[in-house]
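The next block holds one structure in the form of structure tokens; read it before the comments.
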């Protein structure tokens, strides 16, 4: 019972509370419970990456200290976010009462439930669990970071920097520690369903923008994407395969959450042309997305800014405003710092 209560706190309430403030800065049509939940995860992951890199650069390997410091910080931030973003709840609750496209909504929800049930019942294991789960389990049990080698169990002071800059296994260990749930169970059975839901929250938002003139369009679009995901196992390397078989792994989270949410943000920016107050919130969210994405895999340090700046280039051409490129470049500075640190260290 205690584990369930802690899981509800750290996996539902804290992310939702953390997302209220930034969601309040978005246009009202984008203020929803789903978007708040999504923003909360993006913000908390970004903050965790910041603290993790700080410990890494300082030479600290204490996972216990990181858990305590970050845990206290994120609880304080969540409280502040609730105070400044509480008005979002009114807008979100009003949208929940909307009964348009009720049949398509039910079909879409059933697709998600089916995928979650199959994900939990099949419990597919992947060879990379020998790294992801083992690294998280080492931190969880030893109270250290990057100190016990996941493949051999030996102790070494030589940090594998190619993997050490991605905080996703340590983030998994943090969630396990604060909920008292073993990392293997957290990844396979607890975090995986949440990540599946987060993915479809992004898809639903993209559908809502692409088909904003059609009442039923976004649910039909999201349901079709769900079908493609279910039948996308044409190779072991497709995003759909990663999504439903490696759901909790950093590469999968990058491909199925951070890339789509970057695309969503670019679509929002193109849709809300020249609204400066709103645009500032979009650029801030873009910086958060790219920095948080760098915690999943080191290739995100290059790929996310490339995707974002390509979209900004098209936006600059569409608006005939070259200065948009400069704004985009400034937005990439936080993730650029991660890249520079990676190259220097």
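The values are calculated or read from the model by the stated rules, or taken from the named source; none is laboratory data. Please read these numbers as outputs of a predicted model, since none were measured by experiment. Cβ coordinates were reconstructed from backbone atoms using ideal geometry, including for glycine residues, and neighbour counts include every protein chain displayed.
Tabulated values for the structure
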quantity	calculated
Near pairs, Cβ below 7 angstrom, 6+ apart or cross-chain, from segment 106-129 (at positive phi and surrounded by fewer than 13 Cβ atoms within 10 Å (Cβ to Cβ)) to any residue that is at pLDDT 85 or above and in a helix (DSSP H, G or I)	123/188
The one condition in (1) touching a helix residue (DSSP H, G or I) at 6+ places or on another chain (Cβ under 7 Å); (2) assigned to a helix (DSSP H, G or I) that residue 134 fails to fulfil	(1)
Some residue of segment 64-85 being outside any helix (DSSP H, G or I), in contact with a helix residue (DSSP H, G or I) (Cβ under 9 Å, 6 or more places away or on another chain) and surrounded by 13 or more Cβ atoms within 10 Å (Cβ to Cβ)	no
Check on residue 36, crowded, with 18+ Cβ neighbours inside 10 Å, modelled with pLDDT of 95 or more, touching a helix residue (DSSP H, G or I) at 6+ places or on another chain (Cβ under 8 Å) and not in a loop (DSSP other than H, G, I, E, B)	no
Residue within segment 91-105 that is crowded, with 21+ Cβ neighbours inside 10 Å and closer than 28 Å to residue 206 by Cβ present	no
Test: residue 166 is surrounded by 15 or more Cβ atoms within 10 Å (Cβ to Cβ) and under 19 Å from the mean Cα position of the chain (by Cα)	yes
Test for residue 304: is it at pLDDT 90 or above, in contact with a helix residue (DSSP H, G or I) (Cβ under 6 Å, 6 or more places away or on another chain) and either surrounded by fewer than 21 Cβ atoms within 10 Å (Cβ to Cβ) or under 25 Å from residue 250 (Cβ atoms) (or both)	yes
Segment 323-338, residues that are more than 19 Å from the chain's Cα centre (by Cα) and within 11 Å of residue 301 (Cβ to Cβ)	337
Selection count, segment 309-345, where residues are part of a loop (DSSP other than H, G, I, E, B) and surrounded by fewer than 18 Cβ atoms within 10 Å (Cβ to Cβ)	4
Residue match in segment 268-279 (condition: more than 16 Å from residue 49 (Cβ to Cβ) and within 20 Å of the chain's Cα centre (by Cα))	yes
All positions within segment 13-33 that are under 19 Å from residue 183 (Cβ atoms) and either over 13 Å from the mean Cα position of the chain (by Cα) or not in a helix (DSSP H, G or I) (or both)	14
Residue in segment 81-90 that is under 22 Å from residue 261 (Cα atoms) and modelled with pLDDT of 85 or more present	yes
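Here is a yes/no grid of residues against (1) more than 26 Å from residue 30 (Cα to Cα); (2) free of Cβ contacts under 8 Å to residues at least 60 places away in the same chain:
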position: 248; (1), (2): yes, no
position: 253; (1), (2): no, no
position: 258; (1), (2): no, yes
position: 290; (1), (2): no, yes
position: 306; (1), (2): no, yes
